[in-house]
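What follows draws every value from the coordinates through simple rules; no lab data is involved. Just so you know, these numbers come straight off a predicted model, no measurement behind them. Reconstructed Cβ throughout: ideal geometry from the backbone, glycine too, with neighbour counts over all protein chains shown.
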Amino acid sequence: MCLYVFNRYRLLLLGIAALTVTAMLGSPAVRAQGGDREVAFADAEVPFQLSDDAASVPDSLGYHILPANTEAGKNAPLNGPVGQVKTQAGASVKPGAGLAQPGFFPADLSYFGGLWVKSGSSANIYYNCADQSCWGNPEGFLTDLAASKFIHVVDQYIGSKANNRYPLSLASTVHLSGGSSSLTSTDIESMVHQAVVQVGAGHIFHLFLPQGVDVCVGTDICYSPDNPSTFVFCAYHAAVTFQDLGGALVAYTVEPYQDETGCVLAPNAKGYPNGALADSTNSALSHELFETITDPFPLSGWVAVNSLPEQGNEIGDVCHGPGNDSRQVIAPSYVLARGHTYQTQLEYSNARHACVVAP
């Protein structure tokens, strides 16, 4: 199950101490990634497009949190506003056109009439690190994912089969620096705001936090390996509206350091294809990207509500691996594209009524 925390957006004018932003300009066709490997990037960005107009955006925007394999994560309460939103959403379920339902499948997602992301380039934000190396190789992973069959699992939910709808925009990589090792959701939104000022709102932003940086979206709802009592989540996705930037609506994910007990993946029988850090980062990143595409404003798009164990889960939650005794999340390995193997979780398909790696 996942935990949702809702708040009404407040205009962000607060900065982070000593915050600096630089954007990498230009868009080279090829950039070296991961030793002797090269990855080709798209020359043109794909526009960020939602499925409907802004009038469908909920008044209260929410966070959708990927729980950690910790006691705090397992026991996080799913009540209060979460229950209210589920009750309200349950009355507005709309049928998913073209999705066969020959029987009762409790994990199937239901559509609540909200928006989804038709297309959009990913833009990475790196906090207190010179490049992506602090998290493995997320650039190579996002590039492969955009060209894979795996990303087409979302086709059934958004009504498109076009290729390369969600590429990485190398030209929109942003670097942020600051002195804080304990961030709040307001700090996070301020950093996203700074990135939007630099490269524009038309992206799906991924904010990567290095080892040693905690983040909380509530008093006791945190990524905090140094404080087990509040260590609830490993990553989350959210959306925000920046009124001072013309009402720009921005979808983003927050990607803390994953090679920590409670978030790290357990190796498969052959070991990690790319190392514990890289594969754990990529798994959390794909989880949040798939959920951002299908439910950018949590509990208003595609959500599972057909049974109590799955209620409130999004496309990635249904397939999120269980943990083992060593507090590692269990996930298998799959080849996504171009012969590159990644260990990452599966995503749920209504069409197959199962967790899959391809449509």
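According to the square roots a ≥ b ≥ c of the eigenvalues of the Cα gyration tensor, what is the shape class of the stretch 199-292, taking rounded for a/c under 1.5, prolate for a/b larger than b/c otherwise, and oblate for the remainder? In terms of gyration-tensor shape, oblate. Once R0 is set to 45 Å, what does the formula 1/(1 + (r/R0)^6) return for the Cβ-Cβ distance between residue 335 and residue 52, expressed as a FRET efficiency to the nearest 0.05? Computed FRET efficiency for residue 335 and residue 52 comes out at 0.80. Our estimate of slack between residue 149 and residue 182, defined as 0.36 nm per intervening residue step minus the Cα-Cα distance, is 8.1 nm. Take the Cα of residue 133, step 7 Å toward its Cβ, do the same at residue 248, and the gap between the two points is 3.0 nm.
Electrostatic tally near residue 183: other residues with Cβ closer than 13 Å to its Cβ, Lys and Arg +1, Asp and Glu -1, net -4. Within straight-line reach of residue 149, meaning a Cα separation under 16 Å, sit the following aspartates and glutamates at least 8 residues removed in sequence or on another chain: 347.
Distance between the C-alpha centres of the stretch 143-214 and the stretch 275-350: 16 Å, rounded to the whole angstrom.
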